[in-house]
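What follows is a set of notes on a single structure, which appears directly below.
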Amino acid sequence: MKETFKEVAVDPRPPAPPAPAALAAKVRTLAPTMTRSMQRVAETVASDPAGCAALTVTGLAERTGTSEATVVRTSRLLGYPGYRDLRLALAALAAQQAAGSAPAVTADIAVDDSLVDVVTKLAQEEQQCLADTAAGLDVTQLEAAVAALSGARRIDVYGIGASNLVGQDLAQKFLRIGLIAHAHADPHLAVTNAVQMQTGDVAIAITHSGRTTDVIEPLRVAFDHGATTIAITGRPDGEIAAYADYILTTSTARESELRPAAMSSRTSQLLVIDCLFIGVAQRTYDTAAPALSASYEALAHRHQP
């Protein structure tokens with residue numbers, strides 16, 4: 001069993017604030033957990049970074065109909081030490097947008113959009129979603145997760161619905177390079193398998209909301225039995241974080257009537273699992289490369305005309 005308290009090396013440096021390009025994604029991720037007044041501040045700075053960068057804390061409070069304290073609290077919730085740091089990020093983001101390196105947020109897909117417009121909007125949304133996820137991904141956490149997976153005796157992946165499809169993809173990738181990996185869609189089977197986990201094993205939970213009970217429960221069981229645990233989630237402050245040794249945060253395209261977050265989040269989840277897979281394949285190259293070649297050869301005749 002894992003001990004409740006364990007000695008860890010503490011980095012004395014404060015966490016770095018989010019990259020300017022990741023600000024809009026951060027707002028989309030955290031807005032549902034904010035108060036209405038904080039949402040107004042967050043949505044205003046994300047929609048008009050250039051205009052807000054020119055405002056003092058008092059000016060932004062007046063523009064959003066909130067208080068200076070709300071502006072400061074919102075800045076800190078978004079990952080900045082204070083409003084001054086947020087203004088610097090807004091100025092940088094405005095400069096990137098002016099130079100064309102930070103694409104503007106596209107409009108929602110409408111019911112009467114033509115398929116040409118749908119293709120264009122989806123392509124732009126997917127591109128932005130991937131860029132946001134890459135900008136906000138904690139590489140230190142990613143490296144630690146890759147190290148744990150590279151030496152794992154066994155890997156279990158938990159996910160429900162669309163997240164399970166992503167989990168199956170990850171497990172299949174690991175199997176192709178010779179790792180023992182299984183993706184569990186049945187929550188009861190996931191828990192009964194988690195009971196068998198131990199130190200040296202790795203459990204991965206995939207949940208956009210960070211509060212899916214059927215995913216949290218097996219991860220908690222695996223955590224309690226000594227396994228290293230990884231959460232891939234759009235809500236790093238969700239309940240799942242209590243049982244995750246490492247958290248990999250995903251972004252999502254803007255939620256709409258035709259495209260709920262649970263569906264649009266899959267793009268960023270696939271990016272994260274590809275990063276995990278490539279990282280593990282690099283670290284285990286001497287065994288991974290022959291295993292991958294053997295799997296290709298075993299299936300090659302099935303693709304002959």
* Magnitude of the charge dipole, the chain, Cβ model with Lys/Arg +1 and Asp/Glu -1, debye to 20 -> 380 debye
* Structure fact -> Here FRET efficiency (C-beta to C-beta, residue 62 to residue 291, R₀ 45 Å, nearest 0.05) is 0.15
* **Amide hydrogen neighbours beyond the local backbone of residue 183, cut-off 5 Å, H modeled** => 157
* Convex hull of Cα atoms in the chain, direction-averaged projection (nm²) -> 19.6 nm²
* Asked: Residue by residue through segment 129-138, which ³J(HN,Hα) values in whole Hz follow from phi under the Karplus form 6.51 cos²θ - 1.76 cosθ + 1.60 (θ = phi - 60°), with glycine and proline marked x?
  -> 4, 5, 5, 5, 5, 4, 5, x, 6, 7
* Structure fact -> The answer for residue 138, listing residues at least 5 apart or on another chain whose modeled amide H is closer than 5 Å to its amide H, is 249
* **Cα-projected label distance for residue 76 with residue 199, points at 7 Å along beta-carbon direction, nm** => 3.8 nm
* Among 130, 60, 93, which one shows the biggest mean-square fluctuation in a GNM of the chain, springs joining Cα atoms closer than 10 Å? -> 60
* Charged-residue dipole, Cβ positions (Lys, Arg, Asp, Glu), segment 130-223 about Cα centre, Debye nearest 20 -> 220 debye
* Structure fact -> Highest GNM mean-square fluctuation among 240, 273, 109, for the chain with Cα springs under 10 Å, belongs to 109
* Where both residues lie in the chain, what percent of DSSP beta bridges are antiparallel, nearest 5? -> 5 percent
* Asked: Assigning unit charges at the beta carbon (Lys, Arg +1; Asp, Glu -1) and nothing else, what dipole magnitude in debye, to the nearest 20, does segment 147-305 show about its Cα centre?
  -> 320 debye
* Asked: Build a GNM of the chain with springs between Cα atoms under 10 Å: which of 242, 25, 134 gets the top mean-square fluctuation?
  -> 242
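FYI, it's all coordinate maths here, none of it is from the lab. Keep in mind that what you see is a predicted model, and the values were worked out from it rather than measured. Quick reminder, even Gly has a Cβ in these numbers, built from the backbone with ideal geometry, and neighbours come from all protein chains shown.
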